Each structure stands twice: as structure tokens, then as C-alpha cells.
1. In whole Å and largest first, what semi-axes does the C-alpha gyration tensor of region 77-215 yield when each eigenvalue is scaled by 5 and square-rooted?
2. Given a 1.4 Å probe and heavy atoms of the protein chains only, how would you sort 174, 127, largest accessible area at the top?
3. Quick check: net charge around residue 246, other residues with Cβ under 15 Å of its Cβ, Lys/Arg +1 and Asp/Glu -1?
4. With unit charges on the beta carbons (Lys and Arg positive, Asp and Glu negative) and the dipole taken about the Cα centre of the chain, which residue among 186, 211, 67 sits farthest to the positive side?
5. Relative to the longest principal Cα axis of the chain, at what angle does helix 251-265 sit, 0 to 90 degrees, rounded to 10?
6. With every protein chain present, what is the per residue accessible area of region 262-314 (1.4 Å probe, Å²)?
7. Return the long-range amide H neighbours of residue 208 (sequence gap of 5 or more, or a different chain), with a cut-off of under 5 Å between placed amide H atoms.
8. Under 23 Å between alpha carbons, and skipping anything fewer than 8 positions from residue 217 in its own chain: which lysines qualify?
Amino acid sequence: MTEKHGIQGAVDSQKLLIYDLSLEQLKAQFAEWGQPAYRAAQVWQGLYHQFWGDPSQFSSLPADVRARMADAFRFSALTPIKKLASSDGETVKTLFQLPDGKSIEAVLMRYEHRRTLCISSQAGCAMGCVFCATGQMGFKRNLSQGEIVEQVIYYARQLKETDEHVSNVVVMGMGEPFHNYDNTLAAIDLLNDPQGMKLGERRFTISTVGLVPMIRKFAKEKRQVNLAISLHSADDELRTSMMPVNKKYPIEDLIAAAREYTELTGRRVTFEWALIQDVNDSIEHAAALANLLRGMLCHVNVIPLNPTRKYAGKATTRQRAQAFQAEMERRGIPCSIRIRRGIDIQAGCGQLASEEKA
Ligand code: SAH
Ligand code: SF4
């Protein structure tokens, strides 16, 4: 029995994940099976409107077509292995296992009318930011388009039960989305598909560590997807000590690329700044940041550091965060303090997966 399951598992993991397909590819497969295109469109509706996750749910299809689908495709690559809810129940975090045993996480945050998902683009991350739990675990692999899409479908299906909908998606979970550029953008395109889930581009935010060539490439695409850049320091020496990527793409180049982005797209760029006690949280740090960003169409999000096991830095106090914000505003740069929702469930980037490996 065990052996049989083992073999079946191996066969399953070689099947193409259905969320890795475009509608055109699905139609081509149906054509090969001698099935009309409208049947493929029905499947698409089932996947992206009903969020069906099992071939047996596609009851309008003939049984032999359902069997063929079950044979040809896997309908899920994500197995939830751990779920945590914050004490107020508004933040839910799920740790998923991938078919090759790697794990990723995705978070649902309910806030007023918003239902925001924070999803992963990679298992682990190669960028090595010292304060980040994902960076501390190193790079495992890129996620496929379908593995990125399925994180959204998973929560969309749950929300549907209570007549709720995904309102926003931030690619701020594990991994560096611009290090997996094509799959991340393909996943957004799929979720944006007018015949599918129809999640508008403006509902997405990609957060990047600052891969300058990719910011330039993204700017040229003139998409409506929001862009956030993790800055955390306005000083090269300090930034390099926190984020090794700064050696390759120092602050001057990064800010030039960000300015180019705003000029090409007319869109505001967001800068992320994790406030770390006595490291980057003083009034002088705020002044240097404001100076760097002067005249740019931008917004700054500050968030008190989420402490991680392998980094000694501490979170800024609320008073210092407020003083930092006030200094930014005084100098004409819009700045908001992001609340650490779900701190009690380690909702920080990669924290659950890295605990799992501990
Ligand atoms: N790789 C991308 C997106 C994932 S990280 C990036 O770096 O932007 C999402 C955000 O969480 C980034 O702004 C990152 O700097 C921040 N972050 C990582 N670890 C954190 C921590 N321990 N506390 C607060 N913010 C953190
Ligand atoms: Fe990677 Fe972003 Fe974490 Fe840096 S902060 S290690 S880029 S996930």
C-alpha cells in the first residue's frame, strides 16, 4: 500500500499543475482530446470563478473528460500543513508544503473592507537581507506561475464561503519577486484575466529588494501594478551591511531607477523602511531619507522591525516611529506607519517556514 501511494505521489508530482496553464493552452489540450473549446472555457470558469479544486466538481463535463483531466493535470500543488490565526482572528497565516517538500507561506489580512493576501514568489530567498527570516534560510527555488496563482485561489475559495472576496494581493511573502520576474508577472496576468478571476492590476503590489535592471524593465512595461522598494537605509555602508544586494545596486542607482519608474509610468512608488532601534530610526535618518527622495512621486511605509531569531536588532518604539513619520511629513514626504498585524502568529516574512525548519 505504502509503495503504491509512493509511486502515485511521484506520478502526481510530474503532472502539470492546472494553474500553470493559460486558457489558450487549456483549449489546445481540449482540442487534442477532440473536445470543443467551450468546454475548456467551462473549466476556466470553474477554476477561476468557482475556485473548484477537484475534477469531480466539474459536473457539467462528461465523466470521461473529467477522468482525462484528472489523469493529465494536478489540481493542487499546495498542501496546507500549518495554519495560525492571530488572537483577533483577522490575520490568518498558512504554511504550505510543495510537491518537492519545500515550504512557503501566504497570509490573509482582514482590515475593514479589505481582504489582502500576502503571497510568496520563491521558496526561500537568495538576497540574504540579515534581518529577514526568509533571507536567513537561503534560496530553495523559484515558484512556478501556478504555484503563485494557487496561493490566491486557496484563500479566494475560503473567502467565497463567507461571501467575501480577495481585494488586494501583495507579493511580499517569501522570496524576491524580481528574481522570479517572468513567473510572478505571468501569475498576475493570469489572475487579471478578464475571462478568469478579473483581479485588476491596481490591486497588486510587488515589493522588490531593489534589483535595478528589473525595476527598469518593469517601468517600461507601464503596468498598473503597484511597486514598492525595500530601502531601509539612505546610507550605502549601512544598507550594504543589512542588504548585501546594495553592493551590486547601490542607493544612487536604485533611486535613479525609481525616479525613472515614476516618470515613465506616472505612478507613485512606495519605499519600505523597517524601523530598527538605534540603527535607522532617528530624526537624522528621517532627514537623510527625505533628502534622498525630494521631489519624487513617492510614499514611505515605515514598519517596526519584526524581530527574528538570527538578527539582534530590535523594533523601534511607537514614539520613535511616530517621530520618524512626523519628520518625514514635515519635510513634505507622505509617510505612514504600518501596523504589525498578527505579530502573535509570526506574520513577518518567512518566519513560520523558518521556524518549521529549526
Ligand atoms: N523580497 C521582497 C519582498 C518580500 S519581503 C523585498 O525584500 O521587498 C517584504 C518586506 O518585508 C520587505 O520590505 C522586507 O524588507 C520586509 N521585511 C523582511 N523582514 C522583515 C522583518 N523582520 N521586519 C520587518 N520587515 C521585514
Ligand atoms: Fe529576500 Fe526580501 Fe527577505 Fe531580503 S527582505 S531576504 S529580498 S525576502
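1. Working: eigenvalues 100, 66, 42 Å².
Equivalent ellipsoid of region 77-215: 22, 18, 14 Å, largest first.
2. 127, 174
3. Numbers: positive: 239, 247, 248; negative: 176, 235, 236, 237, 252, 253, 272.
Net charge around residue 246: -4.
4. The residue sitting farthest along the positive end of the dipole is 211.
5. 60
6. 45
7. Answer set, sorted by chain and number: 228, 229, 230.
8. 247, 248
The values are calculated or read from the model by the stated rules, or taken from the named source; none is laboratory data. This one's a predicted model, so the numbers in the text were calculated from it and none came from an experiment. Backbone-built Cβ (ideal geometry, glycine too); neighbour counts: all protein chains shown. Heavy atoms of the whole protein, side chains included, go into the accessibility calculation; ligands, DNA and RNA do not. Shrake-Rupley method; radii C 1.70, N 1.55, O 1.52, S 1.80 Å.
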